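*Asks:* Below is the structure I would like to discuss, written out as structure tokens.
The values are calculated or read from the model by the stated rules, or taken from the named source; none is laboratory data. Since the model is a prediction, treat every value here as computed from it, not as a measurement. Heads up, the Cβs are rebuilt from the backbone with ideal geometry, glycines too, and the neighbour counts pull from every protein chain shown. Each accessible area value is taken on the protein alone, full model and side chains, heavy atoms only, with ligands, DNA and RNA left out. Shrake-Rupley method; radii C 1.70, N 1.55, O 1.52, S 1.80 Å.
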Amino acid sequence: FIVLLVFSMTISRLSTRLFSSTAQSALARNANSPLRWGILSAGRISSDYVKAMHLVPEAEPIAVAARSASKAQEFADSHNIPKTFGNYHDLIRNPDVDVVYIGTIADHHYEWTRESILAGKPTVVEKPMTLCADDTKELINLAKEKNVFLMEGMWTRCFPAMQKLRQIIASNEIGPIVYVQGDFGYSMANNGPEDRIWLPDSGGVTMDIGMYIAQFGRLAFPDGKLKDVFATGTVKNGVDHSVMATVTYERGDSRDGFGEDGLLQFALTGAANTEERMVLQGTKGRVFINGPFHVPQKMKVMYDQGRGESTEQIFDFPLPDDPYGAWNNPGSIGFVHQIREVGTALSRGKKECDSFTWNESLEVATVVDEIVRQVRGERPILRKVNGMEAMEVASS
């Protein structure tokens, strides 16, 4: 029995290494060719992602998998994709796929991201990466162990406007950031009882869009340490529907010399369509990111000249020319920025993207966990891995 067990473990390790080496050699072999993407799930977000991908010469969607062969074929026909699979396993293990994009509902992110990493496939998974910080940490550690590229799909970070924002903060031209304020909301009045927004594990406004604002904390306070999360809100159909949150960052002995804690304050709601604007207030000025900030296209920087007096500078970052016009989600053409960045990172042998690192994914997941816990209580998270179900509780 012991001999058989050792033999089985050895075969398992060899299999994982084989998948990993195959994926890495495929990337090297196709360094001068378009990166070949496999699309896992044939839903609305995957549709937008593939449409954007067709606008990036360095990327090519070559395969799609769905829960049924017919749905995969329908998606492929609509999006000019040559290969189809009636299950996710076969796409992940296909040697022609260089990188896997996971666009399932969030409840299945952990399961399929884990399988993709174990197969040695560079993986981009839609946000949230998982349903809780513990699972996100587990996947990040697995990616480190297997030496596999992994990115959570925080596409907002890849926009040129966000790169400019980083430069402004790093230059200290508006001084250290004192606080960040923002809002994000859209009316869920027409979301029926079967809509994913009401799912007990992944539903609610915080799990759906909270990460878009939570990620600003690390941008504004790059040397800070997450300190406290305070949240209150309302609950509808068992999930958080409107939220007010304040997140504090301990600045400590930071390079900017400003000792006060940094503050991130934001509102989320499913009751109304909000302006979706962000403000970053520094000691010498401020930055306004016009709505919708998660598809950032315009920024105004104001430089204080005294109380009530300032000069301003406008920066425009228009979206690429749009040959489609119709998208499932507004601004989805902006996926082109993330698709290009993933390709660049892989071509340079990186295992994570500079725009949104593993540590940032984990920090945002921690903030989101705590907000949800404070507003509606702990969530029972049911996940399925290799046919085995495990019940766990999301905690801070």
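*Asks:* Select, from 231, 220, 267, 272, the only residue that is open to solvent by less than 10 Å² (accessible area, probe 1.4 Å) and among the small types (Gly, Ala, Ser).
*Replies:* Details: 231 fails: open to solvent by less than 10 Å² (accessible area, probe 1.4 Å); 267 fails: open to solvent by less than 10 Å² (accessible area, probe 1.4 Å); 272 fails: open to solvent by less than 10 Å² (accessible area, probe 1.4 Å).
That would be 220, the only listed residue that is open to solvent by less than 10 Å² (accessible area, probe 1.4 Å) and among the small types (Gly, Ala, Ser).
*Asks:* Something else: Quick check on residue 28: is it of a type outside the set (S, T, N, Q) and modelled with pLDDT under 55? Let's see the steps before the verdict.
*Replies:* Numbers: of a type outside the set (S, T, N, Q): yes; modelled with pLDDT under 55: yes.
Against the criterion (of a type outside the set (S, T, N, Q) and modelled with pLDDT under 55), residue 28 qualifies.
*Asks:* A follow-up question, please. Among all residue pairs at least 6 apart or on different chains, which show Cβ distances below 6 Å where the first residue, located in the stretch 205-228, is more than 14 Å from residue 279 (Cα to Cα) and of a type in the set (Asp, Glu) and the second is open to solvent by 10 Å² or more (accessible area, probe 1.4 Å) and modelled with pLDDT of 95 or more?
*Replies:* 228/248
*Asks:* If you don't mind, another one. Going through the stretch 192-202 one residue at a time, which ones are in a loop (DSSP other than H, G, I, E, B) and either open to solvent by 40 Å² or more (accessible area, probe 1.4 Å) or at pLDDT 95 or above (or both)?
*Replies:* Residues of the stretch 192-202 that are in a loop (DSSP other than H, G, I, E, B), as a first pass: 192-195, 199-202.
Correct list: 193, 194, 195, 199, 200.
*Asks:* Residue 179 versus (1) assigned to a helix (DSSP H, G or I); (2) farther than 19 Å from residue 354 by Cα: which is the lone unmet condition?
*Replies:* (1)
*Asks:* Only residues that are open to solvent by 60 Å² or more (accessible area, probe 1.4 Å) and among the charged types (D, E, K, R): list them for the stretch 323-351, please.
*Replies:* Residues satisfying the conditions are 340, 348, 350.
*Asks:* Oh, and also: Could you please give the count of residues in the stretch 127-151 that are of a type outside the set (A, V, I, L, M) and either open to solvent by less than 10 Å² (accessible area, probe 1.4 Å) or without any contact (Cβ under 8 Å) to a residue 40 or more places away in the chain (or both)?
*Replies:* To start, the set of residues in the stretch 127-151 that are of a type outside the set (A, V, I, L, M) comprises 127-128, 130, 132, 134-138, 141, 144-147, 149.
Still in the list and also either open to solvent by less than 10 Å² (accessible area, probe 1.4 Å) or without any contact (Cβ under 8 Å) to a residue 40 or more places away in the chain (or both): 130, 132, 135-136, 138, 141, 145, 149.
Counting residues in the stretch 127-151 that are of a type outside the set (A, V, I, L, M) and either open to solvent by less than 10 Å² (accessible area, probe 1.4 Å) or without any contact (Cβ under 8 Å) to a residue 40 or more places away in the chain (or both) gives 8.
*Asks:* Would you point out which residue out of 119, 106 is in contact (Cβ under 8 Å) with a residue 12 or more places away in the chain and surrounded by 23 or more Cβ atoms within 10 Å (Cβ to Cβ)? Lay out the reasoning, then the answer.
*Replies:* Values: 106 fails: surrounded by 23 or more Cβ atoms within 10 Å (Cβ to Cβ).
119 is the lone residue from the list that is in contact (Cβ under 8 Å) with a residue 12 or more places away in the chain and surrounded by 23 or more Cβ atoms within 10 Å (Cβ to Cβ).
*Asks:* When residue 74 is evaluated against the numbered criteria (1) over 14 Å from residue 42 (Cβ atoms); (2) surrounded by fewer than 22 Cβ atoms within 10 Å (Cβ to Cβ); (3) among the charged types (D, E, K, R), which criterion, by number, is the only one it fails?
*Replies:* Against the list (1) over 14 Å from residue 42 (Cβ atoms); (2) surrounded by fewer than 22 Cβ atoms within 10 Å (Cβ to Cβ); (3) among the charged types (D, E, K, R), residue 74 comes up short only on (1).
*Asks:* Filter the stretch 34-62 down to the residues that are out of contact with any strand residue (DSSP E or B) (no Cβ under 8 Å at 6 or more places or on another chain) and either without any contact (Cβ under 8 Å) to a residue 24 or more places away in the chain or open to solvent by 10 Å² or more (accessible area, probe 1.4 Å) (or both) and list them by number. Talk me through it step by step, then tell me what you get.
*Replies:* Of all residues in the stretch 34-62, those out of contact with any strand residue (DSSP E or B) (no Cβ under 8 Å at 6 or more places or on another chain) come to 43-45, 47-48, 51-52, 55-57.
43, 44, 45, 47, 51, 55, 57 - these are the residues of the stretch 34-62 that are out of contact with any strand residue (DSSP E or B) (no Cβ under 8 Å at 6 or more places or on another chain) and either without any contact (Cβ under 8 Å) to a residue 24 or more places away in the chain or open to solvent by 10 Å² or more (accessible area, probe 1.4 Å) (or both).
*Asks:* Do we have residue 97 as modelled with pLDDT of 95 or more and in contact with a His (Cβ under 6 Å, 6 or more places away or on another chain) here?
*Replies:* Working: modelled with pLDDT of 95 or more: yes; in contact with a His (Cβ under 6 Å, 6 or more places away or on another chain): no.
No: the conditions fail for residue 97.
*Asks:* Sticking with this one: Can you tell me which residue is modelled with the highest pLDDT among those in the stretch 253-264 that are open to solvent by 40 Å² or more (accessible area, probe 1.4 Å) and outside any strand (DSSP E or B)? Reasoning before the result, please.
*Replies:* Filtering the stretch 253-264 down to residues open to solvent by 40 Å² or more (accessible area, probe 1.4 Å) leaves 253, 255-261, 263.
Next, only the ones that are outside any strand (DSSP E or B) stay: 253, 255-261.
Working: 253: 56, 255: 57, 256: 55, 257: 66, 258: 72, 259: 77, 260: 88, 261: 94.
Here the answer is 261.
*Asks:* Taking only pairs six or more apart or across chains, which ones have beta-carbon atoms under 7 Å, a first residue in the stretch 288-312 that is in a strand (DSSP E or B), and a second residue that is surrounded by 18 or more Cβ atoms within 10 Å (Cβ to Cβ) and among the β-branched types (Val, Ile, Thr)?
*Replies:* Listed by first residue and then by second, the contacts come to 299/287; 299/289; 301/168; 301/174; 301/287; 303/174; 312/301.
*Asks:* Do you know which residues across the stretch 301-336 are of a type outside the set (Ser, Thr, Tyr) and under 12 Å from residue 49 (Cβ atoms)?
*Replies:* Within the stretch 301-336, 327, 328, 329, 333, 334, 335, 336 qualify.
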